[in-house]
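J.: Take this structure, written in structure tokens, and hold onto it; I'll ask about it next.
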Amino acid sequence: MADSDGEYASDDELKRNGKRTADGRSKQTKASWEDVKRSWDTVLETADSGLSIAEIREAEKRRRLLRDTTPLQRGIIRHLMLVLDMSFAMADKDLLPNRYRVVLNNAIGFVREYFEQNPISQLGIVGMRDGIAVRISDLSGNPAEHIEKLMQWSEQQDPQGNPSLQNALQMCRGALYQTPSHATREVLIIYGALVSIDPGDIHDTINDLVADRIRVSVVGLAGQVAICSELCKRTNNHDGNYSVAVDEVHLKELFFAATTPPVTRTPEQNTASLLMMGFPSRTLAPKDHVSFCACHAKPTREGYTCPRCGIKVCRLPIDCPICKLTLIQSTHLARSYHHLFPLKVFVEVPWSQAYRSTACYSCLTPFPARPRDSVAAAPAVLGGRAGAKGSGKQQDGEQKNPKPELKGVSESGRYACQVCGNHFCIDCDVFAHETIHNCPGCQSDTRDLEKDTAVAVPEGGPTPMVMDS
């Protein structure tokens with residue numbers, strides 16, 4: 001059978017994918033797997049118009065910003081133990097290339113973001129494998145050390161064995177037991193397995209965690225586990241923080257949500273206490289004078305001198321190795337306070353109020369022009385009779401061909417600050433809320449100048465525009 005090694009194809013498939021030659025053999029020109037549908041190229045279409053990919057991305061950015069901005073009491077000095085599952089379950093490939101690589105890559109990004117948002121906090125990393133808990137890095141405030149250890153484990157170790165949730169919690173409890181009472185004690189567990197090989201009763205360990213006021217949060221990769229749900233509820237005052245990731249993007253969101261300090265709810269944590277801190281200045285010795293730092297015992301020329309004992313350390317923030325005084329800079333303390341007073345969410349600006357601005361107040365990017373179908377509704381804002389007719393026609397047209405609405409997305413591409421009233425684009429909105437945590441319009445402090453200028457304008461005259469030189 002000369003043609004037995006060929007692949008059978010029906011006549012219908014040959015009509016779609018190819019054609020036969022003179023001797024009866026099929027001449028396939030295109031394989032079925034070559035018709036790949038890319039989801040990122042798909043646009044939601046409606047009767048009159050559709051949502052562009054830019055609008056969908058804008059909705060995704062706004063979704064991260066639409067959160068509760070009520071000022072609550074939070075702990076700005078945190079001690080967090082990160083527990084990573086390194087058992088056999090992390091070798092599954094539902095997350096590419098596998099769970100183990102994805103979790104380690106997200107852990108490296110989490111370390112950077114954690115210390116960016118909490119500069120005066122500390123972090124430690126623990127792994128679960130072979131039925132025991134292994135210490136990856138000790139509790140410290142240097143992100144470079146944690147990232148170096150994670151990269152070494154990513155290159156040298158593979159997931160194996162069974163996880164032990166009780167052993168990991170006992171190791172975290174021992175590391176957090178000596179931390180001061182004014183700081184928070186937290187444990188974040190990335191759990192990929194559905195089993196736990198424990199040497200004893202894990203409920204006794206949970207009781208010890210509750211007595212020591214240690215909060216535990218769990219991010220699952222496979223499914224919900226009953227003991228993890230009970231662990232989170234009991235250690236978080238019956239307000240469990242247990243979630244299961246559905247994909248890689250969701251995993252990153254749950255992972256990075258732990259960078260925000262938890263709310264203090266118990267009366268013991270709400271008690272105010274004074275904490276002594278030192279603000280050393282940077283010193284640079286001459287070329288011929290090199291001394292050892294007290295934190296790493298390495299010869300350096302530059303460093304920071306403790307204002308209490310006079311010892312030199314090479315980096316900040318850190319606890320003085322001699323007198324245990326917390327050494328920080330003023331910028332570290334300022335960056336930690338944005339969790340206590342979050343920036344209010346910018347509101348969407350409709351087309352009726354879009355005439356107030358033509359470009360972003362921060363980056364001066366021009367805003368999109370008003371579409372023609374909404375121009376007829378503009379005189380209605382001014383109270384004209386013709387505008388009311390035009391707006392009525394427009395409303396009838398909009399009811400016939402409704403455009404899909406995305407939550408939190410402004411139709412005019414403008415977002416206004418609730419305090420100063422200036423308009424910003426979506427990129428500046430995200431940058432203000434996630435990076436600088438301040439409104440550029442409020443920080444420029446031009447509102448008082450505008451009020452003083454408005455006094456000199458006669459009633460009914462045009463409103464002056466104040467521009468920075």
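The values are calculated or read from the model by the stated rules, or taken from the named source; none is laboratory data. Predicted model only: the values in this text are computed from it and were never measured. Please note: Cβ atoms are built from the backbone with ideal geometry, for glycine as well, and neighbour counts cover all protein chains shown. In case anyone asks, the SASA skips ligands and DNA or RNA and just uses the protein heavy atoms, side chains included. Shrake-Rupley method; radii C 1.70, N 1.55, O 1.52, S 1.80 Å.
J.: Which of the residues that make up segment 141-167 are surrounded by fewer than 16 Cβ atoms within 10 Å (Cβ to Cβ) and not charged (D, E, K, R)?
T.: ALA144, MET151, GLN152, GLN156, GLN157, GLN160, GLY161
J.: Let me ask something else about it. Residue by residue through segment 324-359, note down the ones that are hydroxyl-bearing (Ser, Thr, Tyr) and either part of a loop (DSSP other than H, G, I, E, B) or more than 21 Å from the chain's Cα centre (by Cα) (or both).
T.: THR326, SER330, THR331, SER352, TYR355, SER357, THR358
J.: Being farther than 22 Å from THR326 by Cα, out of contact with any Leu (no Cβ under 7 Å at 6 or more places or on another chain) and among the small types (Gly, Ala, Ser) is the filter; apply it to segment 255-307 and report the residue that is modelled with the lowest pLDDT.
T.: Ranking the qualifying residues of segment 255-307, first place goes to ALA285.
J.: If LYS233 passes every condition in (1) in contact (Cβ under 8 Å) with a residue 12 or more places away in the chain; (2) closer than 15 Å to GLU186 by Cα; (3) out of contact with any Cys (no Cβ under 9 Å at 6 or more places or on another chain); (4) surrounded by 15 or more Cβ atoms within 10 Å (Cβ to Cβ) but one, which one does it miss?
T.: Checking LYS233 against (1) in contact (Cβ under 8 Å) with a residue 12 or more places away in the chain; (2) closer than 15 Å to GLU186 by Cα; (3) out of contact with any Cys (no Cβ under 9 Å at 6 or more places or on another chain); (4) surrounded by 15 or more Cβ atoms within 10 Å (Cβ to Cβ), the one that fails is (1).
J.: If you don't mind, another one. For segment 281-305, enumerate the residues that are part of a loop (DSSP other than H, G, I, E, B) and either within 29 Å of ILE436 (Cα to Cα) or touching a helix residue (DSSP H, G or I) at 6+ places or on another chain (Cβ under 9 Å) (or both).
T.: SER281
J.: Condition first: of a type outside the set (Ser, Thr, Tyr), touching a Ser or Thr at 6+ places or on another chain (Cβ under 8 Å) and open to solvent by less than 10 Å² (accessible area, probe 1.4 Å). Can you find one or more residues in segment 222-230 that meet it?
T.: No.
J.: Give just the number: which of (1) more than 30 Å from TYR114 (Cβ to Cβ); (2) open to solvent by 80 Å² or more (accessible area, probe 1.4 Å); (3) touching a residue at least 60 places away in the same chain (Cβ under 8 Å) does LYS344 not satisfy?
T.: Condition not satisfied by LYS344: (1).
J.: Follow-up. Would you be able to say whether some residue in segment 184-198 is without any contact (Cβ under 8 Å) to a residue 60 or more places away in the chain, open to solvent by less than 20 Å² (accessible area, probe 1.4 Å) and farther than 25 Å from ILE120 by Cα?
T.: Within segment 184-198 (the criterion being without any contact (Cβ under 8 Å) to a residue 60 or more places away in the chain, open to solvent by less than 20 Å² (accessible area, probe 1.4 Å) and farther than 25 Å from ILE120 by Cα), the answer is no, since none of the residues qualifies.
J.: Then there's this: Restricting the first residue to segment 408-427 and requiring it to be free of Cβ contacts under 8 Å to residues at least 24 places away in the same chain, which pairs with a second residue that is basic (Lys, Arg) and open to solvent by 20 Å² or more (accessible area, probe 1.4 Å) meet a Cβ separation below 7 Å and a spacing of at least six or different chains?
T.: Correct list of pairs: empty, since none qualify.
J.: May I pose another question? Please work out which residue is farthest from ALA144 (Cα to Cα), limiting yourself to segment 81-126 and to residues that are among the charged types (D, E, K, R) and part of a helix (DSSP H, G or I).
T.: Looking at the filtered set, the residue picked out is ARG99.
J.: Separate question: Which pairs have Cβ atoms under 6 Å, sit 6 or more apart or on different chains, and link a residue in segment 274-296 that is on the phi < 0 side of the Ramachandran plot and exposed (fewer than 14 other Cβ atoms within 10 Å of the Cβ) to one that is modelled with pLDDT of 85 or more and acidic (Asp, Glu)?
T.: Pairs found: LEU284/GLU302.
J.: Read through the list (1) open to solvent by less than 10 Å² (accessible area, probe 1.4 Å); (2) of a type in the set (Phe, Trp, Tyr); (3) closer than 25 Å to ILE227 by Cβ, then give the number of the only condition that TYR177 fails.
T.: (1)
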